[in-house]
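The values are calculated or read from the model by the stated rules, or taken from the named source; none is laboratory data. All values derive from a computational prediction rather than experimental measurement. Backbone-built Cβ (ideal geometry, glycine too); neighbour counts: all protein chains shown. Accessible surface areas use protein heavy atoms only, side chains included; no ligands, DNA or RNA. Shrake-Rupley method; radii C 1.70, N 1.55, O 1.52, S 1.80 Å.
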Amino acid sequence: QVRLVESGGGLVQSGGSLRLSCTASGIAFARSGMNWYRQAPEKQRELVATVTPGGGTNYANSVKGRFTISRDNAKNTVHLQMNNLKPEDTAVYYCNTVYLLSTYWGQGTQVTVSS
């Protein structure tokens, strides 16, 4: 059974930082690409950051230079370090992977940035 469990969300002031974590089980984590998505109220879910099995990364333009995705294969965990947060970063953040042709999501963690 595949499980993705996120943690680390919360309320922070504009300009602050948060670090999200997602721990995976039931997959060959080291061979899996991992993604962070977010969904703000009344908006579509959007891809925020991706890390490949080899450690390559890609980011949405809106978070480049502020967010950093990383992975710890020994702990089956992917992190999203978010710096210089803005009110428009407020959303539910989801961990995601595609494994053996099936798509899996975590339960989401709320990030709220106050101005």
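With N counted as the residues of segment 47-115, its alpha-carbon radius of gyration over 2.2 N^0.38 Å works out to 1.17.
Using Cβ point charges alone (K and R +1, D and E -1), the dipole size of the chain about the Cα centre works out to roughly 200 debye.
Summed over the residues of segment 21-115 and divided among them, the accessible surface reaches 52 Å² per residue at a probe radius of 1.4 Å.
Evaluate the relative contact order of the chain (contact order divided by residue number), counting alpha-carbon pairs under 8 angstrom at least 6 apart; express in whole percent.
36 percent
Taking 0.36 nm per residue of separation and subtracting the Cα-Cα distance, what length does fully extending Gln107 through Ser70 add?
Contour length minus Cα-Cα distance gives 11.3 nm.
The Cα atoms of the chain cover 41, 26, 22 Å along the three principal axes, with the biggest extent listed first.
Expressed as a whole percent, the accessible area of the chain that falls on carbon and sulfur atoms is 47 (1.4 Å probe).
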